[in-house]
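A short write-up of the structure that comes next.
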Amino acid sequence: MAKKKETYNEAINQLREIVSEIEGGELDVDILSEKVTEASRLVKVCKEKLFKADKEVQKILENLA
Amino acid sequence: MERKEYSLFELNGLVKQSIRRSFPATCWIRAEMSDVRVNASSGHCYLEFIEKHPISGQLLAKARASIWSNTYRTLAPYFEQSTGQRLTSGIKVLVNVSVEFHELYGFSLTVLDIDPAYTLGDMVRRRMEIVKQLKEEGIYTLNKELTLTDLPQRIAIITSPVAAGYEDFMMQLTHNKRGYQFYTKLYPSIMQGDQTEAQVIKALDRIYLSVDKFDAVVIIRGGGATSDLNSFDSYALAANCAQFPLPIITGIGHERDDTVIDLVAHTRAKTPTAVAEFLVECISRADEMLITLQQQCSETTQALLQAHQNTLQQLTMHIPTWSQRLLEKQQATLQSLGQRLPNIVQGLLNEKQKELTNTLYQMQTYATRQLEQEKAELQLTEQFIRMASPTYLLQKGYTLTVQQGKIIKQAADVVVGATLVTHFADGTVSSKATAIQKKDSIK
């Protein structure tokens, strides 16, 4: 992905924002679908951080002094 | 005087007897153990008791000592069990000894019993001193005040690579039931004996070089009760940990009280496995929060869609009735309009009629009044003109005096001797001015 991946905390905060926007209830339907896709993308980003091994981090730690 | 001579053996024998006489029984002494060695085959423990100057640390006294295997076999476990500390160099003890002097082996002490409370007391006192110093320097809570990130995945591990602790920790961490991802890096260090302090600090320094690559530092050591603690009750190590910029989690594998490093660390766990469990728990909390967020997201979306659907439904349901009602209303207005139309029109006509006659009447009265006014005005002007004409004045008796063809209005204009022509209603008279009297001189 061209955009630098959000850090875990950034993703979580954005997710919270979306939830509160939806909870607000004024969101009209077509933006809703956009928000929901964004939310699921953010969830995927967070899940990856939790579960998927990040080769880069592993490499960094391995060749530390 | 006869010179007394002894052989060395005799001398030592005498010394032996006098010592035995002055120390008939055993006695309790406080000392620091050093150079502790246990002979594997015989099971005997050989050591040295020393005493250092409390302030300068200068050596004041020293004595060889031994704990025969039959005593050592029960004394060592008893001591370890009650203090969680192995009999090693560097710890202060209160021991019951018998004072021995052997012609060949010289002076030595044989340890027969030990009072662990003293050592515990000393350990606690030492620990408190270190804590006091750390507090005075204001660094005691620094590590505790650091915030551990929600996702402590990158862990620097300080432990001995061979001890059980490391394996247990890694097992627990990498095979956590939820499959969370961790990234670890081992910084090997001796975790026992007097090397510990220097080695752990060296490891901390190495980690410090890549401090931004880690989320936390873990200092772990397995081995349960057999491990000794005093190496972790060290000011240098505690100060280092207290000021370390990453949260430190300790798991030095003992049930009893905390060492100073436990007290300054961000988090203290009992064993390496407990530390791993703590880390896994942090990640699972973050995971759970993510799941709840996900649920919230779908629930709120559901609710919103539901709400929209409901409004939509209501709308569709109501449309026929509303439109029906609207139509009826329109018809009703139409009808009522239709009925009222004729008399509205009639009303309008009458109104217009009235208006018309009204204006007509107004016109007439206005016109006649206008005429009247004109006539009156005319009469007035006529009268005015008539009165203003000289003949009317003359008839009234007024005369008109003309001098050289010009009407004279003031006595001052008359020239004495000039002929004046006075006009009367019935004719004119010419005369000569004889004298002029001014109005005021007449008064």
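The values are calculated or read from the model by the stated rules, or taken from the named source; none is laboratory data. The model shown is predicted, which means the values in this text are computed figures rather than measured ones. Cβ atoms come from the backbone with ideal geometry, glycine included; neighbour counts cover every protein chain shown. The accessibility values were calculated without ligands, DNA or RNA, using every heavy atom of the protein model including side chains. Shrake-Rupley method; radii C 1.70, N 1.55, O 1.52, S 1.80 Å.
What's the FRET efficiency of residue B:359 with residue B:321 using the Cβ-Cβ distance as r and R₀ = 35 Å, to the nearest 0.05?
0.05
Rolling a 1.4 angstrom probe over the protein heavy atoms, how many square angstrom per residue are accessible across chain B?
62 Å²
Which percent of the accessible area of the range A:1-55 is formed by carbon and sulfur heavy atoms (probe 1.4 angstrom)?
Looking at the range A:1-55 in its full context, I get 59 percent from C and S.
Counting only protein heavy atoms and rolling a 1.4 Å probe, how much accessible area do B and A lose on contact, total for both sides, in Å² to 100?
2700 Å²
For the range B:177-316, what is one quarter of the convex hull surface built on the Cα atoms, given in nm²?
Across all orientations, the range B:177-316 yields a mean hull projection of 12.0 nm².
Return the FRET efficiency for the residue pair residue B:369, residue B:400: r is the Cβ-Cβ distance, R0 is 56 Å, and the value is rounded to the nearest 0.05.
0.85
Mean shadow of the protein assembly as shown, computed from the convex hull of its alpha carbons, in nm²?
Averaging across all directions leaves 84.9 nm² for the Cα convex hull.
How far is helix B:69-83 tilted off the main Cα axis of chain B, in degrees rounded to 10, range 0 to 90?
Approximately 10 degrees, to the nearest 10.
Which loop trypsin sites (Lys or Arg not before Pro) in the range B:232-292, with loop taken from DSSP, have no more than 13 other Cβ atoms within 10 angstrom of their Cβ?
Here no trypsin sites (Lys or Arg not before Pro) fit, given the DSSP loop and packing criteria.
What are the chymotrypsin sites (Phe, Trp or Tyr not before Pro) within the range B:1-78 that DSSP puts in a loop, where the Cβ has at most 15 other Cβ atoms within 10 Å?
B:6, B:68
Given a Förster distance of 41 angstrom, what is the FRET efficiency for residue B:107 paired with residue B:133, based on the Cβ-Cβ distance and rounded to 0.05?
0.65
Once both axes come from the Cα atoms, what is the angle between helix B:116-136 and the longest principal axis of chain B, in degrees from 0 to 90, rounded to 10?
Result, in degrees: 30.
Distance from the Cα centre of the range B:55-93 to that of the range B:286-309, in angstrom?
64 Å
Please report, to one decimal in angstroms, the Kirkwood hydrodynamic radius of the range B:95-244 built from all distinct Cα-Cα pairs.
After inverting the pairwise mean of 1/r, the radius is 18.3 Å.
Treat every Asp and Glu Cβ in the protein assembly as shown as -1 and every Lys and Arg Cβ as +1, leave all other atoms uncharged, and give the resulting dipole magnitude about the Cα centre to the nearest 20 debye.
About 2220 debye.
Over 27 Å apart: what share of the alpha carbon pairs of chain B falls there, rounded to a whole percent?
Above the 27 Å cut-off, chain B has 75 percent of its Cα pairs.
What does the charge dipole of the range B:323-379 about its Cα centre add up to, to the nearest 20 debye, if the Cβ of each Lys and Arg holds +1 and the Cβ of each Asp and Glu holds -1?
So the magnitude is around 420 debye.
Apply the Debye scattering formula to the range B:238-348, with a single equal point scatterer on each alpha-carbon and no solvent, then give log10 I(q)/I(0) at q = 0.11, 0.12, 0.14 Å⁻¹.
So the normalised log intensities work out to -0.70, -0.74, -0.81.
Run the paramagnetic zone check for residue B:436: 7 angstrom along Cα to Cβ, then residues of the range B:385-407 with backbone nitrogen under 14 Å.
Counting backbone N atoms under 14 Å from the label point, the list is B:403-404.
Output the pairs from B:354/B:375; A:59/B:202; B:375/B:396; B:409/B:438 with a Cα-Cα distance over 25 Å in this structure; if there are none, say none.
B:354/B:375; B:375/B:396
Summing -39500 (n - 2.57) over the DSSP H runs of n ≥ 4 in chain B and dividing by its residue number, what mean residue ellipticity at 222 nm do you reach, to the nearest 500 deg cm²/dmol?
-17000 deg cm²/dmol
Any idea what the dipole of the range B:207-354 comes to, in debye rounded to 20, about its Cα centre with Lys/Arg Cβ at +1 and Asp/Glu Cβ at -1?
For this selection, approximately 1640 debye.
Expressed as a whole percentage, what fraction of the accessible surface of the range B:243-401 belongs to carbon and sulfur atoms when a 1.4 Å probe is rolled over the protein heavy atoms?
Heavy-atom surface of the range B:243-401 belonging to carbon and sulfur, 1.4 Å probe: 62 percent.
Please determine, in degrees from 0 to 90 and to the nearest 10, the orientation of helix B:8-22 with respect to the longest principal axis defined by the Cα atoms of chain B, where the helix direction is its Cα long axis.
The two axes meet at around 60 degrees.
Below 8 Å between Cα atoms, with a sequence gap of 6+, how large is the relative contact order for the range B:136-233 in percent?
40 percent
Can you tell me the length gained on complete extension of the stretch residue B:311 to residue B:34, counting 0.36 nm per residue apart and subtracting the Cα distance?
91.1 nm
What stretch of chain B, leaving out the sites themselves, is the longest with no GluC sites (Glu not before Pro) in a DSSP loop having at most 15 other Cβ atoms within 10 Å?
B:256-443
Determine the gain in length on full extension of the stretch residue B:69-residue B:11; use 0.36 nm per residue of separation and subtract their C-alpha separation, reporting nm with one decimal.
17.8 nm
Need the full-extension length gain, residue B:376 to residue B:291, defined as separation in residues times 0.36 nm minus the C-alpha distance. One decimal, nm.
Length gained, residue B:376 through residue B:291: 19.8 nm.
Rg/Rh for the range B:57-176: what does it come to with C-alpha atoms and Rh from Kirkwood?
1.13
Hey, if you put +1 on the Cβ of every Lys and Arg and -1 on every Asp and Glu Cβ in chain B, which of B:259, B:147, B:412 ends up farthest toward the positive end of that dipole?
Of the listed residues, the answer is B:412.
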